[in-house]
Amino acid sequence: AQKITQTQPGMFVQEKEAVTLDCTYDTSDPSYGLFWYKQPSSGEMIFLIYQGSYDQQNATEGRYSLNFQKARKSANLVISASQLGDSAMYFCAMRDPFKIQGAQKLVFGQGTRLTINP
Amino acid sequence: DGGITQSPKYLFRKEGQNVTLSCEQNLNHDAMYWYRQDPGQGLRLIYYSQIVNDFQKGDIAEGYSVSREKKESFPLTVTSAQKNPTAFYLCASSINVLGGGDTQYFGPGTRLTVL
């Protein structure tokens, strides 16, 4: 079964610094997808970035990039030039391809709480 | 604007009562999902639906029921059989493409508290 591990319960970073949030995954399927979501205190899950297992390049979306190391089974989120509004919970998730065709089940990690200090 | 709405935002229930959480989307997505989030935890899948009049159990379906009579609506009923229903409930939707890597988009959530 797929599993996502986020080992950093909390991180504190100074504003404008870059931050890396760790995510490791476990799967025996060669075809999978990895997602990062942001959850501010309001509770809504906001999609940030997606990486497919066959993608040749690391995904980037504005200030977000994904450091995808397939051999190490890691998919770390990098936020450049952090802002106060980046303070939130961040979740790594993996698409579980075996159990559903069509609808895509997501398996989530425990999350990392990121706090940006001014 | 296209999006997913959930209502109510906060819901209080007495023990032994059934309650229904609403989820509506106008994104024309085929697939819809219900997740549960407990404090300090990630999300766990309760039910999902690929198309109208079809739905499947997720990892923690016991004590919950759903219906999918319309493409845009996927209500979740928390029954009295659910032993510990106090949690944050999130609804999501995605385009249903077979074998595709479509992103799930989430609603704002409903916080359910059992008194």
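The values are calculated or read from the model by the stated rules, or taken from the named source; none is laboratory data. What you see is a predicted model, and the numbers here were worked out from it, not measured in a lab. Methodologically, a virtual Cβ is constructed for each residue, glycine included, from the backbone with ideal geometry; neighbour enumeration extends over all protein chains shown.
Brief remarks on what is shown
Rundown of residues vs (1) under 21 Å from residue B:7 (Cβ atoms); (2) modelled with pLDDT of 95 or more, yes/no style:
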| position | (1), (2) |
| --- | --- |
| B:62 | no, yes |
| B:69 | yes, yes |
| B:78 | yes, yes |
| B:88 | yes, yes |
| B:91 | yes, yes |
| B:101 | no, no |
| B:105 | yes, no |
| B:112 | yes, yes |
| B:115 | yes, no |
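Here's the yes/no breakdown for (1) assigned to a loop (DSSP other than H, G, I, E, B); (2) at the interface with chain B (Cβ under 8 Å from one of its Cβ atoms); (3) touching an Asp or Glu at 6+ places or on another chain (Cβ under 8 Å):
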| site | (1), (2), (3) |
| --- | --- |
| A:29 | yes, no, no |
| A:43 | yes, yes, no |
| A:50 | no, yes, no |
| A:66 | no, no, no |
| A:76 | no, no, yes |
| A:82 | yes, no, yes |
| A:85 | no, no, no |
| A:92 | no, no, no |
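- Residue check for residue A:26: of a type in the set (D, E, K, R), touching a Ser or Thr at 6+ places or on another chain (Cβ under 9 Å) and over 30 Å from residue B:8 (Cα atoms): yes
- Counted as qualifying within segment B:33-113 are the strands (runs of 3 or more DSSP E) with 1 or more residues that are facing another protein chain (nearest Cβ under 10 Å) and small (Gly, Ala, Ser), namely B:43-49, B:87-94.
- Against the criterion of being in contact (Cβ under 8 Å) with a residue 24 or more places away in the chain and either surrounded by fewer than 19 Cβ atoms within 10 Å (Cβ to Cβ) or of a type in the set (Val, Ile, Thr) (or both), residue A:74 qualifies.
- Selected residue (only one of B:56, B:37 is over 10 Å from the mean Cα position of the chain (by Cα) and surrounded by fewer than 21 Cβ atoms within 10 Å (Cβ to Cβ)): B:56
- Verdict on residue B:20 being within 13 Å of chain A (Cβ to nearest Cβ), in a strand (DSSP E or B) and of a type outside the set (Asp, Glu): no
- Test: residue in segment A:47-67 that is of a type in the set (Val, Ile, Thr) and surrounded by 18 or more Cβ atoms within 10 Å (Cβ to Cβ): yes
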